[in-house]
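Let me begin by presenting the structure, written as structure tokens, before commenting on it.
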Amino acid sequence: MNPPSSASFPATRLRRTRASTWSRALHRETLLTPADLIWPVFVTEGEGVEEPIASLPGVSRWSVDGIVQRAREAIDLGIPCLALFPNTPPEKRSKDGAEALSPDNLMCQAIRAIRDACADEIGILTDVALDPYTAHGQDGLVDEEGYVLNDATVEVLTGQALNQADAGADIIAPSDMMDGRIGAIRQVLEAQGHVNVQIMSYAAKYASAFYGPFRDAVGSRGLLKGDKQGYQMDPANAEEALREVALDLAEGADSVMVKPGLPYLDIVARVKQRFEVPVFAYQVSGEYAMIEAAASAGAGEREPLVIETLMAFKRAGCSGILTYHAPLAARLLNG
Ligand code: PBG
């Protein structure tokens, strides 16, 4: 049925406004620009190091000097923010993930180097969770049975967040899915004078099969036994995502994230509609790999696939998208 404001055919022909390029441009409802993108990058030890990641074709780990170059590249492309993830060497991984608290860990080195080279020309988002630092690949502390402990983990995460803020992080992004961590982190940031450090909470993060290549990138895939279903969300649940978002906002999150991205755009739309807050989504590693595989197999063309999927995030209500395609997309959008 037509909405009341439309006459019926042929007085209304929706194809009229689609008939030319200029008219399509004029009627476009959604805008996608490089300023909508957050570029996730992987840091590794050494100098002058680039390590391609086989399961993420076109994505590499970079040593800190290379990360600084990526930051400059992002600035030139109009990408406002980098998301940092470390590939911690095996000898620095432990049962309690203590390396996360070291003021000299890879994350802190990268934060300081970007800050030195680029001042505040670019935002630095840092992941809070223990999986890149633990010998077992879980995001938190585990007991003898392998259960990931909530409250004890929150204490460590709070220290990790403070460590990153002290190094100069702009946005703390907890991806661990422990209960109560946003409030605890906000409290410590306030107490330590980091009043303008943002928290972007991975509020609705699902126990997804789309994270495989990321776990290769941070070197945790081979270490992880079992799964993360005891803390990450059941893909069957939507109501529960709204409860997660409500709690994180009440605890002091500035913005919330839904993850993975494309299969969860219904969650993005519902969160946006319900809460009217900045919502971000993470187009995760497996989604990136699927697009690359489709392009390599000739099933679709890379560039239109990238732009169409990113546009879908914006249309669903995202303020921005974390995507490994950020530099390619920015180049395309910049013409
Ligand atoms: C872990 C974390 C994961 C991702 C971001 N932070 C993986 C996981 O939960 O196992 C996935 C990102 C991606 O797949 O691109 N704290």
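Bear in mind that the values in this text are calculations on the coordinates, not laboratory data. The structure displayed is predicted, hence computed values, not measured ones. Because the Cβ atoms are built from the backbone with ideal geometry, glycine has one as well, and the counts that use them run over all protein chains shown.
Loop-only GluC sites (Glu not before Pro) in the range 1-53, please: DSSP not H, G, I, E or B, and at most 11 other Cβ atoms within 10 Å. Write down the numbers at each step before the final one.
On the way: sites: Glu29, Glu45, Glu47, Glu50; in loops: Glu29, Glu45, Glu47.
Answer in residue order: Glu29, Glu47.
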TODO: Pop a pseudo-label 7 angstrom from the Cα along the beta-carbon direction at both Glu239 and Arg28 and give the gap in nm to one decimal.
DONE: 4.0
Open item on the list: Using only the Cα atoms of the range 1-148, what are the Rg and Dmax in Å?
Closed with: 23.4, 72
TODO: Using a cut-off of 14 Å between beta-carbons, work out the net charge of the residues near Leu32 (Lys and Arg +1, Asp and Glu -1, Leu32 not included).
DONE: 0
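Suppose R0 equals 25 Å. What FRET efficiency, 1/(1 + (r/R0)^6) with r the Cβ-Cβ distance, do Ile75 and Asp254 give to the nearest 0.05?
Details: r = 22 Å, r/R0 = 0.90.
The formula returns an efficiency of 0.65 here.
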Task: Intensity falloff of the range 31-256 expressed as log10 I(q)/I(0), Debye formula with alpha-carbon point scatterers, at q = 0.15 Å⁻¹ - done: -1.02
- [ ] Evaluate the distance, in nm, between pseudo-label points positioned 7 Å from the Cα of Glu145 and of Ala119 along their respective Cα→Cβ axes.
- [x] 5.5
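Using the beta-carbon distance between Ala98 and Leu247 and R0 = 30 Å, what value does 1/(1 + (r/R0)^6) give for FRET efficiency, to the nearest 0.05? Spell out each step's value before the answer.
Numbers: r = 28 Å, r/R0 = 0.94.
The pair Ala98/Leu247 has a calculated efficiency of 0.60.
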Task: Reachable lysines, given that their alpha-carbon falls under 23 Å from the alpha-carbon of Lys259 and they are not under 8 places away in the same chain - done: Lys205, Lys225, Lys228, Lys272, Lys314
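Suppose a student asked you for the relative contact order of the range 154-264, using Cα pairs under 8 Å spaced at least 6 residues apart; what percent would you report? Don't skip to the end; give the middle numbers.
Working: 143 pairs, mean separation 36.2, N = 111.
Once divided by the residue count of the range 154-264, the mean separation gives 33 percent.
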Open item on the list: From the phi angles alone, apply the Karplus equation (6.51, -1.76, 1.60; θ = phi - 60°) to the range 204-213 and give each ³J(HN,Hα) in whole Hz, x where the residue is Gly or Pro.
Closed with: 10, 10, 9, 6, 10, 7, 8, 9, x, x
Open item on the list: Mean-square fluctuation check for the chain, GNM, Cα pairs under 10 Å: which of Met177, Met107, Met290 is largest?
Closed with: Met290
Task: Additional length obtainable on full extension of the chain from Ala293 to Asp266, 0.36 nm per residue less Cα span - done: 7.2 nm
- [ ] Quick one: P(r) of the range 198-335 from all Cα-Cα pairs, 10 Å bins, percents rounded to integers, in order of increasing distance.
- [x] 12, 39, 35, 14, 1
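Are there any GluC sites (Glu not before Pro) in the range 229-283 that are in a DSSP loop and have at most 14 other Cβ atoms within 10 Å? List them by number. Mind showing how you got there, number by number?
Details: sites: Glu239, Glu240, Glu244, Glu251, Glu276; in loops: Glu276.
Loop-located and lightly packed - Glu276.
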